[in-house]
Structure formats: C-alpha cells, structure tokens
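Visitor: This is the structure I want to talk about, given as structure tokens.
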Ligand code: EPZ
C-alpha cells in the first residue's frame, strides 16, 4: 500500500491552482444520464471517486471519454438500470444515480450505498422525497427495487435536514417530472448551484438553487450540455491549511473566494493575512498560529464539515485552545488518534473535540481512515519536526488530485512511495 513520506518544517511558498470540485462533478456525472445525449464537462477533477462514477456510467451503457480535465459522456446507449454492489460500494455518493436512473428509465435497483468511515450515512431523506415524487420503493434484503408506476409528478418536499445528496437527487428527478416541485429547507452548498446550472443548460427549469427553497418546473425532455465545473472549495481550504501549518506564504488561483467565507474568517482569526484578488487568494501565515476559539460545523454557508479535519491538523500547534463541534457527521474525528501520535493534545467527547495547541509536533508513522482525515495528517506532517509516513492515502486520492506534486511545487518535501 503506498504511503506519503513527508519531511516537515519546510515553509510553503509560490503559486498553486485549485482543481474542479469533486462534490460538484459527482452529481453532474449522474445527471448526464437524463438527456440520452452528449454532455461535455470541463475542469473535471481526475480523482478515484470520479473514476468510480465513470465505471458506473460505462456499466450502464454510456460512452465516456476523459482526457486532460475534459470529460465527454454520451448516455444515449443506456441499457441497464441496476448498479451492482461492487460498483455501489466503491463510493458513498453512488446513491445519486438513483434519481437519475428513475428519471430516465422509470425504474432502478441498487443496494444500500453502505456507511463509510465517517458515519452510517442513512438515505431516509432521499427515499422519502423520491416516494413523494411518485417512486415505489421495495427494500428486498438491502437491495432497493424502485419503479415509477404512474410517472414522476411534482411535489412539495420539506427536508427535515438540508441534506446535500437528497437535495441533488430531488433536483435531478424532479427536472423531468410532471408539474412543479418545491423543496423547502434545501441544501445551499455551491455544488447545488453548479448542478442546477448544468441541468438548466440541459433545458431544465430550476430556480432558487443556493437558497433555502428550490423550485423545479418539470420539462418533458433534456438535451446534453457543455458545462465547466466550479473549483473545489475544500481543496482550496486544505491547501491554505497546508500553508498555514508551515508559516508559509502562497497564492492560490482558479477558485471562488466567496465559497470560502466561513473558512477564511477562521484563518484570519488564526492570524493569517488573506488578500482576495478576483479568483485568486494571496495568503500569508504567521510563524505560530493563534488558536481560534470555536469551530462549529454547519450546513453552508456555515463552516464546512469537510474542512474540520484539515483545520484541526493546522491548529494542533497553535497558541491557545480550540473547541470543535461537529454537527454534521457522527464519527468525524478518526484523525484525532493519529494526530496524538504526532504530539497533538486533543480530547474528544461525542461531537465535541478540544484541541490545546502544543509548541511543536513531531513526525510519526500514521494512518488515514477517511478522506478529510488523510488531509488532516498531511497538514500536520508538513508542520511537524522530522519525518512522517502517512498510510491509507487511497482515501486521499478520492478527493485530492496529485497532492504530492502540488505540495512539492510549493517547496514541501513530500514523496509517494
Ligand atoms: C455531501 O455528502 C458531500 N459528499 C460530503 O462530502 C459533505 O461532507 C456533505 O455533503 C455535507 O456537506 C458529496 O457531495 C459526494 P448530507 P452527503 O446528505 O450528501 C444525514 C467529502 O469529504 N443524512 O448533507 O452524504 C447524514 O447522515 C464528503 O467530500 C440523513 O440522516 O451529506 C449526515 O449526518 C464527505 N439521511 C447529514 O445528514 C439522509 O437521507 C449530512 O448529510 C441523508 C443524510
């Protein structure tokens, strides 16, 4: 199993670009099933989760070509409506194909996507909403056999939690339902807006994406579209955390600063200097960070749960104490145990973690157990004295494209072995 070997305490400096957003690419790839036509996606990140989606699309009969950041998918040849366990289990977000398959073919079967490292990942909100759109769901020992006996019809759907995936599944399914669908308490993440932009360029009629209420007027057919995927705000937050962990100074290009609002204010509270210049951020960090008082993860536009782990890796050796409250996932502190091996002082109690900054971290052999936890270990290792070896980087490859090259170009001593 490959590992990343990092020799810490090298100040990062220079420029880096942010690649396309994983959490935007994945739902849009599923939505390419709707049109039975060719879609062209630019700025698509080269990640193992994207490969997982491509494998599903090809299994279903689509033609997919992916070269140099541009993905061309023609879903005309769709000839299956079930996804086997092996492909479903490759990644949690494969549940997003359910709405797309039902909208295109009127039936779908797939197994429960399964939990992942950060929590049980239930899909009750997805299933309840789809049944309100007219979907019959039979749970046959963990395999969902779904069909649409009288076609899809618009509905008023109120989400008990602003679930990103459930909002996306509803938008995809409702875009070709008969009549109007109104989602209240919808997720407001930028990736929701990007999906709506793609669907509208396919001919859908969606308004209000990014606000709490999304209105979808169903249309009869959609065509393929050309779309550029937004930059990945969590990758941007992670690269800035890498820089801050080394007291470095970098410029990040090709991002949307307004998507990072809650994160940038925490970095400024830590004593970093953030200068926004169009789609770039010039970022300068002090030798030792000041611990932010409290980090509470919330649905967008609050502090993103995906940035909790990288930021924890960054402030482990800050001056002061930080209270983390993880409100989104049940089990998202798997990286804490590994940070302790590097000398961090963090205590976890349920959804609360208290981090007391230490003078310095030392390199260690550590293992990642989830995607953003892997990022936390990389961030900490960059700011630790001596050599670290980070295992479990298959998780890292799910969401970060070629991160060792990006960090090496910024002056980090990072090698994949
Ligand atoms: C998306 O996951 C992202 N993944 C996650 O990013 C992100 O952390 C999350 O949104 C929150 O922003 C993708 O977009 C592929 P949710 P998703 O539905 O859709 C509970 C990463 O690191 N819930 O908003 O699964 C759920 O258990 C990943 O890139 C239900 O109870 O998130 C969780 O506690 C990790 N029932 C909370 O809601 C449901 O039916 C948020 O889940 C659905 C969700």
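Visitor: Considering every residue within segment 389-398, establish whether at least one is touching a residue at least 12 places away in the same chain (Cβ under 8 Å) and farther than 22 Å from residue 118 by Cα.
Guide: yes
Visitor: Additional query: Hey, among 389, 374, 368, which residue is more than 21 Å from residue 17 (Cα to Cα) and buried (at least 20 other Cβ atoms within 10 Å of the Cβ)?
Guide: 368
Visitor: Scan segment 121-138 for residues that are assigned to a loop (DSSP other than H, G, I, E, B) and within 8 Å of the ligand (Cβ to nearest atom) and jot them down.
Guide: If the condition is that a residue be assigned to a loop (DSSP other than H, G, I, E, B) and within 8 Å of the ligand (Cβ to nearest atom), then 121, 122, 123 are the ones that fit.
Visitor: Continuing with this model, one more query. Out of 56, 96, I need the residue that is closer than 24 Å to residue 178 by Cα and under 22 Å from the mean Cα position of the chain (by Cα). Which one?
Guide: 96
Visitor: Restricting attention to segment 205-221, which residues are away from the ligand (no atom under 16 Å from the Cβ), crowded, with 24+ Cβ neighbours inside 10 Å and either in a loop (DSSP other than H, G, I, E, B) or under 20 Å from the mean Cα position of the chain (by Cα) (or both)?
Guide: Listed by number, the list is empty, since nothing qualifies.
Visitor: Which one is farthest from the chain's Cα centre (by Cα), of the residues in segment 243-265 that are part of a helix (DSSP H, G or I) and surrounded by fewer than 22 Cβ atoms within 10 Å (Cβ to Cβ)?
Guide: 265
Visitor: Scan segment 9-26 for residues that are on the phi < 0 side of the Ramachandran plot and in contact with a helix residue (DSSP H, G or I) (Cβ under 7 Å, 6 or more places away or on another chain) and report the count.
Guide: Result for segment 9-26: 10.
Visitor: Only one of these is assigned to a loop (DSSP other than H, G, I, E, B) and in the same structural domain as residue 156 (by TED's automatic domain parsing): 186, 196. Name it.
Guide: The conditions single out 186.
Visitor: Give the residues of segment 362-384 that are under 15 Å from residue 412 (Cβ atoms) and out of contact with any helix residue (DSSP H, G or I) (no Cβ under 6 Å at 6 or more places or on another chain), sorted by residue number.
Guide: 363, 378, 381, 384
Visitor: While we're here: Could you name every one of the strands (runs of 3 or more DSSP E) located completely within segment 1-58 that has at least 1 residues being more than 16 Å from the ligand (Cβ to nearest atom) and under 25 Å from residue 197 (Cβ atoms)?
Guide: 13-17, 38-42
Visitor: Regarding segment 80-92, can at least one residue be identified that is at positive phi, more than 10 Å from the ligand (Cβ to nearest atom), in the same structural domain as residue 168 (by TED's automatic domain parsing) and modelled with pLDDT of 95 or more?
Guide: no
Visitor: So how many residues does segment 139-160 have that are away from the ligand (no atom under 16 Å from the Cβ) and under 15 Å from residue 186 (Cβ atoms)?
Guide: Counting residues in segment 139-160 that are away from the ligand (no atom under 16 Å from the Cβ) and under 15 Å from residue 186 (Cβ atoms) gives 3.
Visitor: Scan segment 266-278 for residues that are in a loop (DSSP other than H, G, I, E, B) and in contact (Cβ under 8 Å) with a residue 40 or more places away in the chain and jot them down.
Guide: Matches in segment 266-278: 270 only.
Visitor: I need the full set of residues from segment 286-299 which are touching a helix residue (DSSP H, G or I) at 6+ places or on another chain (Cβ under 7 Å) and either near the ligand (Cβ under 10 Å from one of its atoms) or free of Cβ contacts under 8 Å to residues at least 12 places away in the same chain (or both), in order please.
Guide: 297
Visitor: Among the residues of segment 392-417, write down those that are part of a loop (DSSP other than H, G, I, E, B), surrounded by fewer than 24 Cβ atoms within 10 Å (Cβ to Cβ) and within 16 Å of the ligand (Cβ to nearest atom).
Guide: 392, 401
Each row is one residue, and each column tells you yes or no for (1) within 16 Å of the ligand (Cβ to nearest atom); (2) more than 26 Å from residue 301 (Cβ to Cβ); (3) modelled with pLDDT under 95; (4) not assigned by TED's automatic domain parsing to the domain that holds residue 301.
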residue	(1), (2), (3), (4)
72	no, yes, no, yes
95	yes, no, yes, yes
100	yes, yes, no, yes
119	yes, no, yes, yes
175	no, no, no, yes
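Visitor: Looking only at segment 303-310, decide whether some residue is within 16 Å of the ligand (Cβ to nearest atom), in a loop (DSSP other than H, G, I, E, B) and in contact with a helix residue (DSSP H, G or I) (Cβ under 8 Å, 6 or more places away or on another chain).
Guide: Yes, segment 303-310 contains a residue that is within 16 Å of the ligand (Cβ to nearest atom), in a loop (DSSP other than H, G, I, E, B) and in contact with a helix residue (DSSP H, G or I) (Cβ under 8 Å, 6 or more places away or on another chain).
Visitor: Within segment 246-260, identify whether any single residue is under 27 Å from residue 351 (Cα atoms) and in contact (Cβ under 8 Å) with a residue 12 or more places away in the chain, and answer yes or no.
Guide: yes
Visitor: If a residue has to be within 14 Å of residue 295 (Cα to Cα) and more than 14 Å from the ligand (Cβ to nearest atom) to count, how many in segment 349-370 make the cut?
Guide: Of the residues in that region, 5 qualify.
Visitor: So which residues in segment 175-230 are under 13 Å from residue 159 (Cβ atoms) and touching a strand residue (DSSP E or B) at 6+ places or on another chain (Cβ under 7 Å), if there are any at all?
Guide: Listed by number, the residues that qualify are 181, 182, 183, 184, 185, 186, 188, 192, 212, 213, 214.
The values are calculated or read from the model by the stated rules, or taken from the named source; none is laboratory data. This structure is a prediction, so every number in the text was calculated from the model and none was measured. Backbone-built Cβ (ideal geometry, glycine too); neighbour counts: all protein chains shown.
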